[in-house]
Each structure stands twice: as C-alpha cells, then as structure tokens.
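Visitor: Could you have a look at this structure, given as structure tokens, before my questions?
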Amino acid sequence: MRRWNGWGDDTINAELNSDALAFLRQQIGATEAPQDASLEAALAQVAQQPSRLPPHPLVSSAPEHRLQASFGQSMGDWLRLRFGRIGRVSDGVAWPESSAQVRELLDWAAAVGAIVIPCGGATSVVGHLSPPEDGGRPVLTLMLSHLRKLLQLDTVSQLATFQAGVAGPDLEAQLRAQGWMLGHYPQSFEYATLGGWIVTRSSGQQSARYGRIEAMFAGGRLETPTGTLEIPTFPASAAGPDLREWVLGSEGRLGVLTEASVRVQRLPACERFVGVFLPGWAEGEAAARELAQARLGLSMLRLSNPIETLTTLRLAGHAKAIAWLERYLALRGCAAGDKVLLMMGLTGSKAQVAAMQAQARAILKRHGGISTGTLLGAKWQANRFRGVYLRNALWAQGYAVDTMETAVDWPRVPATMAAIEAAGREALAALGERCHAYTHLSHVYAQGSSVYSTFVFRIGPDFERAWARWQALKGAVSQAIVASGGTISHQHGVGKDHAPYLAHEKGARGMQGLQALVAHFDPQGVMASGNLLPPQPR
C-alpha cells in the first residue's frame, strides 16, 4: 500500500547504516525525529471541514479520499502531514474514466462555482495539489488514475495514444508487451503519469537519448472549461504556433489533458551504465561538456560534484569495498576530497554501444577519467527508482531532505552551483542550523546543463521551527537561482511554490500573454488553484 505521509510503497524501506548516520551527524549535527501525527488524527481534521460541494454521483467527500487528494511530495506537504497541520483540503474527489466524464465534471464545477485541480500520480514536489489557502471556493480534485488505457498503437508511424492518467510502469508494460517503449524515466517513474509529465514538462533520466517529454508529445485532447481542444499529430508543421506548446507546462491551468499521443520506439538490443571518476570538478565538467557537444548518442550523462560524490560513497555502506575503491582511485590520481563521479548511459544496438563507448573512452581519457566499468552503473540501474525512499529513512532519523534545480548555459554552471549551495547553507546558518548541500548535473546538453542540488538539514522539534527552516531554505535558493540567470525549474515544474519566481524569466509582457491565454480557455477561473499563475479575482 502507498504511504499516506511519505514516499512510495510502505513495504519498501531504505536503510541508513551506522557509518552513514555518523557522517550526517558530523556534517549537520545529531538530532531526533519528531513524533509523526497519526492517520486517525489527520482524518479527524478533515472531518471537521464539511464539504462545500453539493452531491454528485461521481464525487466522493469521504475524509480519506479528500486527504489523499490534497497532498503531493513537496517538503511543505510532508511537514503538514507529518506534524498533523493539515489545513485546507479538497472538498470532493472524483475518478473519471473517460474524457466524457471529465467534460461532465468540469461543466458541473463551473455551474457550482468550484475550483478544479487535476491530479495524476500525486508526485508533485512544488505544491501543485494544495487547495488555495483563502478557502473562498469549494475545490474538486480529479484523480486521473483510472484513465490508463492504451487506445491505439500505430507501429508504422511509431505513435501510441494513451489515456493521460496512465502511470509509468503501466505505460511501459503495455508497450513492451508488443515490443515497444517510450523511455521516459524520471525518478518518480513508479507513480507519475503521462499527463503529469506533459503538463509539467518533465525530463527523464535518459532524455539524452529519448528526449524530454516535449520531444515525445505528438498530440492529444485537452478538456478546457470552455470546450475541448483537439491537437492532431504531425511529424512537423510550419502552420503557425504549435498548439502542443500551450499544453506543455500548462500545469492544469488551461484544462485537463485526458489523452496523449506519444512517439515510441523499438526496445534497444543493448544497454549499460558506466561509472567514471575524474580528478576534480574542472575535469569532470569539461568532460561532460565535450561528451554532450560530441553528440555521441549517449542516453545519460550525470556528473556529481565532490561533495555529492563523497556523500554517495559514505551513504552506500560496504565500507571495506569503498575503502578499497578509494585506495585504487588515489593511486590513479583521484584524491579523496576532490574527485567527481560521472555516470554514463549507453543504449542502442551492440554496434552502436561499442562505438559510443570507444568514443567516450577517448574523451574521458583526455580529462583523466578512471572507469569502474559497469560495477557502479549496474547498482545505479538496479536502484534508480529506490533512491527517493531515502527521504523516509532520513526523516526517521530526524533529517529533512529537499531538492532544487535549474538549468543554465555552460559559462554559468560553476557559479550557479556555488551560489545555490551557498544560499542553502547561509539560510540555515542564519537560524543557527547547518545544511549539508551538494549538487549534480542531472541532464547535460550541448548548450548547457541542469544544476540539481540537494539539501539535508535537521527537521526540528516542532512544526513552526521545521517550517521556518524549510521556508528560509526554499526562498534563499530560489532567489539565488533567478539571480544567477537560471530557470526556476528544469524538471520539477512551477506549481505554487515556484510561481512567485516565474516572472523573472518570462518578463512582464510574457506574463501578460500567459494571463490572456488563461482568460481565453478559463474565463471563470475554474482551474484557478494558484498553480503557474496566481488566481484572478472573479
């Protein structure tokens, strides 16, 4: 069963060994986990908020459904659930099973003055699912998990059309049964949905080969408050602005994506992941940039900075094996405190993989790279969707972990990384706390790179102090991102948490254009939950 106040399947547990705990205490300080609120106490708070929606045969007002529908996976969501500060929740929940039912529910919501929030896999880390704080209008959440069918597979055009609520594993299973795949693998893959990927402009771990979701999205059906928008599929078009761009990144503000056609491909014959250590950050960044600009066809490039490399090794366990690896690397010129780890994915035919590996090896050798073969790569592949379970384990020991990410052109990468980490450390230092901050480049392009930073800090003994620490961290790092000229999000989306910073990259005229687009599709503010853009007065 899925955890109600944490990440993932409640039968799966990550473990922190004694060495890992000692490392965290050294970096941040000793702490104790706060007492989690019970599910019963949370449901009691929901029951104290009578639903403001009139009855509808497709809508449930059961407290357990309303609680489930009102939270994602942001640190703000976790703090409210764990400390039992539930706040405003959705007034009703529906599970539509067709575009027609979505259309019916949107029309009904408009008639009763409700706000609609679409929900896919509830994996948002930027506050997409939270009802508006003012509580002025009732809120209806549309849980789209019943929209999961493969509607058509066109093997000639290599297009698959799905209902948009299909989750990653189900999507891939339906395709693989016929020898096909999509290849979109964000860390939230096990629960996130196709529609959620599209409307948040998601990026998968192997997007270097398969493309970000915008490269996969070929067309679809958007149910807007004012009617249905059908987007046909074309291999390419010069017929004015691309309507797909209105849907990509729209975050449920224009309507509900109910069907999506995506570009699929045959299963690859060969795939391997290789771990390579380099002497320092300068060598690692130069190698990653050269690999990306050589356009070898690699499926993944991920570069951890020295602090993340150290943290990865210290949290891995297997102390004897890690000690042997450290001695070996030191003898080869990768000192303990400076080395960086680059993970490289090679996917394709056997001949393609062999050619890519030979070309990549030559580039890495010039930068002092030391390969560990598939030893580390195989472990990463086996646990690629399990790392996020570490959030639960850290919380159980009294530590919170949050992530922030951006993307910048290559000349800005080092300074942006330094500014983001420094902002997080300084924000917590101002509150008398330490913050363990580290970074990797999760997606590397010829033009530039994403910069993905992780922050580990002590939760605190009560909600007020925990919330203050998180808010200080979130605000400082967000400001550092926009001050560095980065996008406020490379892959997590905007939601409510990042909405205040959107204008920094869109500009006043750009924001006015977005408002005009919203006004066209949603003049009554049916979808005005605060995602992407602040709600407009009715």
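Visitor: Distance between the C-alpha centers of the stretch 306-379 and the stretch 56-134? Whole Å please.
Guide: Spelled out, the Cα-based centre of one part sits 43 Å from the other.
Visitor: Quick one: net charge around TRP78, please, counting Lys, Arg +1 and Asp, Glu -1 for every other residue with C-beta under 12 Å from its C-beta. Don't skip to the end; give the middle numbers.
Guide: Details: positive: ARG3, ARG80, ARG82, ARG85, ARG391; negative: ASP36, ASP77, ASP402.
That works out to +2.
Visitor: Then there's this: Which ³J(HN,Hα) values, rounded to whole Hz and listed in residue order, are derived for the stretch 451-460 from phi using the Karplus coefficients 6.51, -1.76 and 1.60 in 6.51 cos²θ - 1.76 cosθ + 1.60 with θ = phi - 60°, glycine and proline given as x?
Guide: 10, 10, 10, 10, 10, 10, 8, 6, 5, x
Visitor: Could you tell me how far the Cα centroid of the stretch 1-20 sits from the Cα centroid of the stretch 188-238, in Å?
Guide: 30
Visitor: Another question, then. Checking the table LYS379/LYS474; LYS365/LYS474; LYS339/LYS496; LYS339/LYS379 against a 29 Å threshold on Cα-Cα, which pairs fail?
Guide: Details: LYS379/LYS474 31 Å; LYS365/LYS474 39 Å; LYS339/LYS496 37 Å; LYS339/LYS379 20 Å.
LYS379/LYS474; LYS365/LYS474; LYS339/LYS496, as the Cα separations exceed 29 Å there.
Visitor: Which far-off residues, 5 or more places away or on another chain, put their amide H under 5 Å from the one on VAL116, with H placed in the peptide plane?
Guide: Amide H neighbours of VAL116: LEU140, MET527, ALA528.
Visitor: Here's another thing I want to ask about it. Taking the mean number of other Cβ atoms within 10 Å as a proxy for protection, how do you rank 188-201, 32-45, 91-104 from highest to lowest? Intermediate values should be presented prior to the final figure.
Guide: Details: 188-201: 26.4, 32-45: 14.1, 91-104: 20.4.
Packing order, densest peptide first, comes out as 188-201, 91-104, 32-45.
Visitor: Another one. If packing is taken as the average number of other Cβ atoms within 10 Å across a peptide's residues, how do 346-359, 120-133, 271-284 rank, most packed first? Intermediate results must be reported in sequence, preceding the final value.
Guide: Numbers: 346-359: 16.0, 120-133: 24.1, 271-284: 21.1.
With the highest mean Cβ count within 10 Å placed first, the list reads 120-133, 271-284, 346-359.
Visitor: Under the rule of -39500 (n - 2.57) per DSSP H run of 4 or more residues, summed and divided by the residues of the chain, what mean residue ellipticity at 222 nm is obtained, to the nearest 500 deg cm²/dmol?
Guide: Numbers: 19 runs with 203 residues, N = 538.
It comes out at -11500 deg cm²/dmol, rounded to the nearest 500.
Visitor: So what's the stretch 270-384 giving for Cα Rg divided by 2.2 N^0.38 Å, two decimals? Provide the component values of the computation, followed by the final result.
Guide: Numbers: Rg = 13.5 Å, N = 115, 2.2 N^0.38 = 13.4 Å.
Against the empirical 2.2 N^0.38 Å value, I get 1.01 for the stretch 270-384.
Just so you know, all these numbers are worked out from the coordinates, no wet-lab data involved. If you're wondering where the values come from, they're calculated on a predicted model, not measured in any experiment. Glycine also receives a Cβ, built like all others from the backbone with ideal geometry; neighbour counts cover every protein chain displayed.
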